[in-house]
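For reference, the structure is listed below as structure tokens.
The values are calculated or read from the model by the stated rules, or taken from the named source; none is laboratory data. Since the model is a prediction, treat every value here as computed from it, not as a measurement. So basically every Cβ, Gly included, is an ideal-geometry build from the backbone, and we count neighbours across all protein chains shown. With ligands, DNA and RNA removed, areas are computed over all heavy atoms of the protein, side chains included. Shrake-Rupley method; radii C 1.70, N 1.55, O 1.52, S 1.80 Å.
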Amino acid sequence: MTLSATAPTAAPRPVITAWSAVSPFGIGRDEFVAGVLAGEDTSRALDPEEWAGPDSRACVVPGFELREVLGKKGTRSMDRVTGLAATAVRDLLRDSGDRRTASDEETALVLGTTTGSAQSMMDFTRASLVGERPFYVDPSLMPNAVMNCAAGQCAIRHSLKGPNTTIAGGRVAGLSALSYARGLLDSGRARTVLYGAAEEFSNARAWLDHHRRGEDAAGALLGEGCAMFMLEAADSPGADGRALAEVLAVESRVYFGDDPHEALTACVEGVLRRGGVDPGDVWAVSTSGLAGLAGEREREALTARFGAEVVNRAPSMRAIGDTAAASAAFQIAALLGLAERSTPPSGGVALVSSVDDNGVVACAALRMPVG
């Protein structure tokens with residue numbers, strides 16, 4: 001099975017013109033770039049009075065208190081994943097000069113996730129079970145239990161009236177969101193798309209992961225955060241001067257069993273072919289850093305194809321833990337940060353590889369820097 005959303009040859013390829021990050025390194029793209037390039041360890045001991053999960057350490061966003069970061073208005077019942085996404089969108093619009101199209105109806109938002117907020121879903125379900133009556137629940141919890149709550153709240157908070165989409169894709173959600181965002185531009189449904197992915201750390205997520213992770217992934221730390229990007233058509237007014245990377249192609253595959261090697265190899269070749277990329281032009285390859293056998297096989301496949309130097313050039317994602325749905329978005333952010341702080345060859349191509357142990361792989365090719 002092959003899924004791709006590559007634009008027709010005649011259509012101008014979209015470009016990433018701005019980005020933001022809320023990560024275990026802190027709030028802001030500068031904090032993320034400095035931390036990821038330095039390989040800083042973001043793991044922290046968890047306060048048992050605040051966190052009641054199975055793990056004693058995790059990679060959480062430091063000092064992330066919703067009302068302090070976003071203010072009191074509209075945050076009383078906001079859950080953590082919504083707060084992470086709303087903060088990243090706020091910073092993206094601010095750092096891009098709040099660049100909008102002629103109408104907010106032409107500005108879309110696409111957010112990747114795993115399930116939304118597992119904590120909110122479980123809290124709402126628990127309230128219906130322990131209450132005197134099943135319907136004696138706090139109604140303010142209900143919106144948070146809906147998977148597309150974060151995307152909807154971001155649009156409301158920042159007056160984005162264009163298409164609003166939530167992509168539930170697990171670890172490949174960031175690339176799935178990019179593929180969907182390209183489709184919105186190519187079809188004329190939007191002139192600007194804010195896309196990215198978010199994942200929260202919570203007691204519920206920690207317990208779910210604890211019970212599902214295999215022995216080969218034991219000891220992996222969970223992380224959280226959100227990375228958001230502004231995607232515009234290359235022929236948009238002024239886009240050439242703002243372009244940070246050109247999106248050449250995005251593809252995904254499914255695989256069966258525990259070994260993604262064959263599916264990932266086919267996915268990579270498909271992206272190179274559709275993007276018109278010569279393998280010798282690949283400057284850096286970012287791996288997902290998934291713990292366990294699937295992650296090892298991913299790295300083996302990419303190293304065999306491009307060489308250790310190219311694969312090792314991209315910053316490691318291990319420093320921020322397993323950020324699940326946000327992982328691929330953070331990989332793109334890390335590559336943009338690397339290109340910003342180093343001297344890649346003109347027109348060099350960066351590949352983003354994402355592997356989920358539930359049987360999905362995805363890959364994207366980005367040409368950077370542009371111009």
(message) Taking 25 Å as R0, compute the FRET efficiency from the Cβ-Cβ separation of residue 258 and residue 312 and round it to 0.05.
(response) 0.50
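In square angstrom, what is the accessible area per residue of region 225-322 with a 1.4 angstrom probe?
Details: 3950 Å² over 98 residues.
Result: 40 Å² per residue.
Based on the Cα coordinates of the chain, what is the per residue volume of their convex hull in Å³? Mind showing how you got there, number by number?
Values: hull volume 51.1 nm³, N = 371.
Normalising the Cα hull of the chain by residue number yields 138 Å³.
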(request) Place a +1 charge on the Cβ of each Lys and Arg in region 81-203 and a -1 charge on the Cβ of each Asp and Glu, then give the dipole magnitude about the Cα centre in debye, rounded to the nearest 20. (result) 220
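Dividing the Cα convex hull volume of region 309-368 by residue count, how many Å³ per residue is that? Mind showing how you got there, number by number?
Details: hull volume 5.2 nm³, N = 60.
Per-residue hull volume (Cα only) is 87 Å³.
Quick one: pull the percent of accessible area on the chain belonging to carbon and sulfur, 1.4 Å probe, ligands and nucleic acids left out.
On the way: 7860 of 15540 Å².
Exposed carbon and sulfur together represent 51 percent of the surface.
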(message) Students sometimes get this wrong: rank 156, 332 by accessible area, probe 1.4 Å, all chains present, largest first.
(response) 156, 332
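Can you give the Rg to Rh ratio of region 144-272, both from alpha-carbon atoms, with Rh computed by the Kirkwood formula? Intermediate values should be presented prior to the final figure.
On the way: Rg = 17.5 Å, Rh = 17.4 Å.
That ratio is 1.01, to two decimals.
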(message) Need the C-alpha centroid separation for region 180-206 versus region 304-353, integer Å.
(response) 19
(message) Which one, 276, 150, 314, projects farthest toward the positive side of the charge dipole computed for the chain from Cβ point charges (K/R +1, D/E -1)?
(response) 150
(message) For the pair residue 304/residue 129, report the inter-label distance in nm, with labels modelled 7 Å from Cα in the Cβ direction.
(response) 4.5
(message) Per q in 0.21 Å⁻¹, report the Debye log10 I(q)/I(0) for region 27-137, using one uniform scatterer on each alpha carbon and no solvent.
(response) -1.41
(request) Treat each spin label as a single point 7 Å out from the Cα along the C-beta direction, and report the residue 41 to residue 341 distance in nm. (result) 1.9
(message) Taking 20 °C and 1.002 mPa s as the conditions, I'd like the Stokes-Einstein D for region 160-212 in µm²/s, using the Kirkwood hydrodynamic radius from alpha carbon pairs.
(response) 167
